[in-house]
Amino acid sequence: MRLKDKVCLITGGASGIGKATAIKFASEGAKVIICDVDKTAGQAFVEDLGNDSVFYKINVVDRDEVQGWIDDVVKKFGRIDVLVNNAGITRDGLFVKYKNGELVSQMDEKDFDLVIAVNLKGVFNCTQAVTPKMIEQSGGVILNASSIVGLYGNFGQTNYAATKFGVIGMTKTWSRELGKFNIRVNAVCPGFILTEMVKKMPEKILEGLAAKTPLGRMGTPEDVANLYAWLASDEAAYIHGAAISIDGGMVLGT
C-alpha cells in the first residue's frame, strides 16, 4: 500500500498503459482519478476499479477543460499528490517518400500538428494546471510518458519522436524549476509494449519486435505500471529529473 490515500491523476487512463497504471495505483491504496476522451470506456472502467475512483471526459489539448478538471478534483479531494501524463496518440508517416526520383508523399501537416498538440502541449497543459496546487501543499510527483523513440528517433515518426524528445526536455527543465518545492518530476520511456491495440498487429510483426529485444519478449502494460507506481511512491524519493527506459534492453534500430 505504498500509495495509500494519495490522490493520483492519470491522463489517457481508459486503456493500455494508463488503464494498467490505474489498476496498479488502486491496488496500492491510491484514490485514482482518470481522464480520457473515451467516455464509455472510462466510465465502465472506474465502475469496476472502485476505491473512490473517478472518471472525467477531458481533452488534454483544451486548457479550459484541463483547468476545470483540476479545480474540480481539488474541490472534491483537497489535494493532488501524483500526476501521470500518459495521454498520447500516433499519426505515423514518412517525413518525405521518394520513388523513382519523384516525391510520392510526405507527412501531413495536420497529423504533425495533432500529435504535437496532444503529446506535448497536453503534457504542458496538465502539468501547468496541477503545479500551483502542488506548490501550495509543499510537494507532489509528476510522471511524464516519453518513449525510447524520444531517445533514438524512429522511421516514420517525425511527429511522435519530436513530442517524446520534447517531453524529456520539459521533464529535465521542470526538475530544475520545481525541485525546490519538493515536486519530483521524471519521465518514463517504454519500448515495445503489448497493449490491446498492439496485439491486433500480425503475429509475424509481433515476433519480429520481440526478437529485437534482448530479453526476448515485448513488455506488458503492467511492466510500465509497476515502474510508475514505484516512481510515485516514497521509495523513489531521490529520483528526480530522470528519463528511465523500460524496454527489455532494446536500442531502437538495432
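The values are calculated or read from the model by the stated rules, or taken from the named source; none is laboratory data. The shown structure was predicted, so the numbers you read here are calculated from the model rather than taken from an experiment. Every residue, glycine as well, gets a Cβ built from its backbone with ideal geometry; the counts of neighbours run over all protein chains shown.
Scanning the range 15-49 for residues that are in contact with an Asp or Glu (Cβ under 6 Å, 6 or more places away or on another chain) and closer than 18 Å to V82 by Cβ yields A20, K31. Considering the range 68-97, and only residues there that are assigned to a strand (DSSP E or B) and without any contact (Cβ under 8 Å) to a residue 60 or more places away in the chain, the residue that is farthest from T11 (Cα to Cα) turns out to be K97.
Scanning the range 92-116 for residues that are closer than 10 Å to N159 by Cβ and small (G, A, S) yields one hit, G93.
So, of the residues in the range 131-184 that are of a type in the set (A, V, I, L, M, F, W, C), over 17 Å from the mean Cα position of the chain (by Cα) and not in a loop (DSSP other than H, G, I, E, B), which turns out to be farthest from D247 (Cα to Cα)?
Here the residue is I135.
Among the residues of the range 81-113, the ones that are among the hydrophobic types (A, V, I, L, M, F, W, C) and crowded, with 16+ Cβ neighbours inside 10 Å come to 7 in all.
Selection over the range 189-235 of residues that are within 22 Å of I89 (Cβ to Cβ) and hydrophobic (A, V, I, L, M, F, W, C) gives a count of 14.
Quick one: in the range 42-67, which of the residues that are within 14 Å of K31 (Cβ to Cβ) and either among the acidic types (D, E) or assigned to a strand (DSSP E or B) (or both) is farthest from the chain's Cα centre (by Cα)? Before the answer, list the steps.
Looking only at the range 42-67, we keep the residues that are within 14 Å of K31 (Cβ to Cβ), and these are 46, 49-56.
Retained after the next criterion (residues that are either among the acidic types (D, E) or assigned to a strand (DSSP E or B) (or both)): 52, 54-56.
Numbers: D52: 22, V54: 18, F55: 17, Y56: 17 Å.
Per the criteria, the residue is D52.
Scanning the range 202-254 for residues that are aliphatic (A, V, I, L, M) and modelled with pLDDT under 90, we see that the one that is nearest to D5 (Cα to Cα) is M250.
Tell me which residues, restricted to the range 94-126, are among the charged types (D, E, K, R), closer than 29 Å to N144 by Cα and in contact with a strand residue (DSSP E or B) (Cβ under 8 Å, 6 or more places away or on another chain).
Our first condition is that a residue be among the charged types (D, E, K, R); within the range 94-126, this holds for 97, 99, 102, 108-111, 113, 121.
When the remaining residues are screened for being closer than 29 Å to N144 by Cα, the result is 108-111, 113, 121.
Those that are among the charged types (D, E, K, R), closer than 29 Å to N144 by Cα and in contact with a strand residue (DSSP E or B) (Cβ under 8 Å, 6 or more places away or on another chain): D108, D111.
Cβ separations smaller than 7 Å between residues 6+ apart or across chains give the following pairs from the range 16-27 residues that are surrounded by 22 or more Cβ atoms within 10 Å (Cβ to Cβ) to residues that are of a type in the set (S, T, N, Q) and modelled with pLDDT under 95: I17/T195. Give me the residue from the range 153-174 that is buried (at least 19 other Cβ atoms within 10 Å of the Cβ) and of a type in the set (S, T, Y) and, out of that set, farthest from I10 (Cα to Cα). The residue in question is T158.
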